[in-house]
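What follows draws every value from the coordinates through simple rules; no lab data is involved. On a predicted model such as this, the values are computed, not experimentally measured, just so you know. Methodologically, a virtual Cβ is constructed for each residue, glycine included, from the backbone with ideal geometry; neighbour enumeration extends over all protein chains shown.
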Protein chains: 2
Amino acid sequence: MEKQTIIDISWPIQPTMTTYKNKNDVHITINKTFEENHVRESSLCCGMHTGTHVDAPAHFLANGSTIDQMDLTKLTGTCLVIDCTQAQESIEKEMLATYPIHPGDIILLKTSNSATASTAPHRDAFVYLSAQGASYLVEKNIHAVGIDYLGIERNQPNHETHLTLLQKDIPIIEGLRLGHVKPGRYFFVCLPLALQGAEAAPARAILIPQAMPS
Amino acid sequence: MEKQTIIDISWPIQPTMTTYKNKNDVHITINKTFEENHVRESSLCCGMHTGTHVDAPAHFLANGSTIDQMDLTKLTGTCLVIDCTQAQESIEKEMLATYPIHPGDIILLKTSNSATASTAPHRDAFVYLSAQGASYLVEKNIHAVGIDYLGIERNQPNHETHLTLLQKDIPIIEGLRLGHVKPGRYFFVCLPLALQGAEAAPARAILIPQAMPS
C-alpha cells in the first residue's frame, strides 16, 4: 500500500500553550527520568477543553449525550476546509453560502485565528461562528464543524452557536490549527479520548489527502 | 459519500479503569455542573500510559524521539489483527509466522487479555509479546504493533521487547480492546494526543472496515 501523507491539524499540548481565558490548567509531571530510572514516565493534568478537543451535547444540554457516546462516523469522513480568513469578527451565513456544502460534510473554518502562535495569550476577540452561521450549517445537514480557536463563539451569554449545533447532535471541534492547510476537500479523522461520561475530550485531528473517495 | 462503519478498539477511560500495576492514577474532576452553572466542565489527570496509548522511543531510549515527533503514517493504514487467543504466556515467532505479514502492516495482537473486563484489577500474568516475536516483526518491516493489554511485555528486566521495537522506531500501541474484533485485515487509525516532549500519550484507536485499499 502506498504510504499516506498526513497533515496534522492538532494544537500542540504543553504547559505554555494557549488556554481558554488563560486558565493555564495544563500540567505535565515527570515521574521517572531516563538518567535515574532508565525509563521515562510522565503524567498529564488538563481540562477537557484543552487544545484540539471535541464538545459533546452534554457540554451545554441538560440531557445531552457525553463524549464517549459520540458517533465517531461524524468525526471521520469528507471534510471541506472553508477560507474564512477575511472574516474580521464573526463567520456569517453569507460567507458560508459561497461554498458547495454537501450533506454529511465535516466543515472546518479556517480563520485568521490560525495565524496566532499556539502559545500566545488567549484573545477574547477571536473570530467565531455566529448563531445564524451555525443555523445555516444545520440546514445543510453537516456531520460536524471545526474551528481554529479554543471556542466556536465568544462566550455569548446564551451560547446560541453551541446550542444550535449541539441540539442537533453535531459535534463541535475546537482548537484546530489550519494555518498550513489550503482550503479544499480532504479526508478528515478526529479522535477524542474515550472519556466516559465527560462533556468533551482532548483529541487529535488529521487530514489525509489521498484517502478522498472518488 | 456512504457512511462508514467504525469499530472502536479503545479502552474506556474512567477512574475505575484498569491501570498498570494498579496505580489508580486516573482522576476526573467536575469543575462546573449543569445544575449550578448551566454548563458542564471537567478535567482529567492521568499517566501517559493510561488505557489505549502509544509508546514512543523516548520511553526506553536515551535519545529516542518523543510522541509529538512520531510519524503518524505509521499509525494509520492497513492492519492485520492476528488471533493469538490460544497463547497462554507469550506470543512467539512460530505463532506469528503462520500469518501473511506484509511490509508496512500494522500488526494487532488479539489475545485472551481482551476477555478481561476493562475495570478488572491489573494482572501481572497477561499475555505478552516475546523479544523473539518482536524481532520477527522487525524483520517483517511492520509499521507498528499493538496489543490488548497495558504492557507489551511483563516488566522484563531488560525490556527487550520494547527495546527491539523502539530501536527501530516502531510505535507500540498498548491497551487496545479487541474482544469484539474478528481477526483479519482492516484500515486502522490510532491518534495519540499531540503531547510535546512526552515519552508516550493516551490515544484513541479505531478500525474502518470499508476504507481498505483494493
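Descriptive notes on the structure:
- Label-point separation, B:ARG185 to A:GLU94 (7 Å along Cα→Cβ), nm: 5.3
- 10 °C / 1.306 mPa s Stokes-Einstein diffusion coefficient of chain B, Kirkwood radius on C-alpha pairs, µm²/s: 90
- Cα-based Lys pair tally, the stretch A:1-142, threshold under 28 Å, eight or more apart or on separate chains: 12
- Candidates B:LEU165, B:ALA62, B:SER114 compared by Cα position along the dipole of chain B: farthest toward the positive end lies B:SER114, with charges placed on Cβ.
- For B:GLU89, inter-copy label distances in nm, listed shortest first [label point 7 Å out on the Cα-Cβ vector]: 7.2
- A dipole drawn for the stretch B:1-97 from +1 and -1 charges on Cβ atoms has a positive end, and of B:ILE7, B:ILE82, B:MET17 the residue lying farthest that way is B:MET17.
- A:LYS23 paired with B:HIS27, simple spin-label distance in nm, labels 7 Å along Cα-to-beta-carbon: 1.6
- Under the Debye formula (equal points on every Cα, no solvent term), log10 I(q)/I(0) of the stretch A:58-160 at q = 0.11, 0.14, 0.22 Å⁻¹: -0.36, -0.58, -1.32
- 222 nm mean residue ellipticity, helices alone, for chain B (DSSP H n ≥ 4; -39,500 (n - 2.57); rounded to 500): -2500 deg cm²/dmol
- Quarter of Cα convex hull surface for the stretch B:7-87, i.e. mean projection, nm²: 9.1
- Pairwise FRET efficiency - A:LYS140 versus B:LYS140, Cβ, R0 = 60 Å, nearest 0.05: 0.85
- Distance between the modelled labels on B:ASN155 and A:ALA62, one decimal in nanometres: 4.9 nm (7 Å Cα→Cβ projection).
- Added length on full extension, which subtracts the Cα-Cα distance from 0.36 nm per residue, A:GLN4 to A:ASP71: 21.6 nm
- Other-copy label distances relative to B:LYS140, 7 angstrom Cα-Cβ extension, nm: 4.4
- Percent of Cα pairs in the protein assembly as shown per distance bin of 10 Å, from zero to the largest separation: 5, 23, 33, 25, 12, 3, 0.
- For B:SER65, the distances from its label point to the matching points in the remaining copies are 3.6 nm, ordered from shortest, with each point set 7 Å beyond Cα toward Cβ.
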